[in-house]
1. Kindly list, by first and then second residue, each pair from a residue in region 89-110 that is over 22 Å from MET35 (Cα atoms) and in contact (Cβ under 8 Å) with a residue 12 or more places away in the chain to a residue that is of a type in the set (Lys, Arg) and outside any helix (DSSP H, G or I), limited to pairs with Cβ atoms under 8 Å and residues at least 6 apart or on different chains.
2. For region 9-47: of the residues being closer than 18 Å to GLU59 by Cβ, in a loop (DSSP other than H, G, I, E, B) and in contact (Cβ under 8 Å) with a residue 12 or more places away in the chain, which is nearest to the chain's Cα centre (by Cα)?
3. What's the number of the condition SER104 fails, among (1) surrounded by 10 or more Cβ atoms within 10 Å (Cβ to Cβ); (2) in a loop (DSSP other than H, G, I, E, B)?
4. Please verify whether ARG95 is assigned to a strand (DSSP E or B), at pLDDT 95 or above and closer than 19 Å to THR13 by Cα, treating the condition exactly as stated.
5. Is it true that ARG57 is closer than 25 Å to PHE3 by Cβ and either touching an Asp or Glu at 6+ places or on another chain (Cβ under 7 Å) or among the basic types (Lys, Arg) (or both)?
6. If you go through region 74-106, how many residues are polar (S, T, N, Q) and within 11 Å of the chain's Cα centre (by Cα)?
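The values are calculated or read from the model by the stated rules, or taken from the named source; none is laboratory data. A quick note: this is a predicted structure, and the numbers were derived from the prediction, not measured. Quick reminder, even Gly has a Cβ in these numbers, built from the backbone with ideal geometry, and neighbours come from all protein chains shown.
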Amino acid sequence: AQFTVIGPDQPITATVGEDIVLPCHLSPPMSAENMEVRWFQSDYSSLVHRYFDGKDRNEYQMPEYTGRTEFLKDGIRNGSVALRLHNIRPTDEGRYTCYFESTSFYKDALLELKVAALGTAPLISVEGYQDGGIRVVC
């Protein structure tokens, strides 16, 4: 059977240190239990997570993702899956591909992750009048 893969139409925004979910699903809805599902970055071999033959298969996972990915398959019978990425890092920002492969067909969808870092609150002080205005330093 042929299908398309649908991901979020807006970038997913995360803050450094938090966990986020990268969802995608098949259209029309169908079971993906016997399919290979993988998330990768720039190319097929930049493996973030792989599910195959009913199991997580991360022998070739990029080292920076080791222990930080979790395949969410509660909706796999309807073709709805997600990848939870733990402890977001600034380097996680970028495009991810959600890829499904059946015995006779494959398709993917692009997802974009934007990572924000929270700094400390700015300290602002008034230094005084200068050139007819007020000088503020932060």
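1. Going by the 8 Å Cβ cut-off, the qualifying pairs are GLU93/LYS114.
2. Once the filter is applied, the top-ranked residue is GLN41.
3. Looking at each condition in turn, SER104 falls short on (1).
4. Yes, satisfied.
5. yes
6. Number satisfying all stated conditions: 1.
For every residue, the table says whether it meets (1) at pLDDT 95 or above; (2) surrounded by 12 or more Cβ atoms within 10 Å (Cβ to Cβ); (3) at negative phi.
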position: ILE6; (1), (2), (3): yes, yes, yes
position: ILE20; (1), (2), (3): yes, yes, yes
position: MET35; (1), (2), (3): yes, yes, yes
position: SER42; (1), (2), (3): no, no, yes
position: GLY54; (1), (2), (3): no, no, no
position: TYR60; (1), (2), (3): no, no, yes
position: THR69; (1), (2), (3): yes, yes, yes
position: LEU72; (1), (2), (3): yes, yes, yes
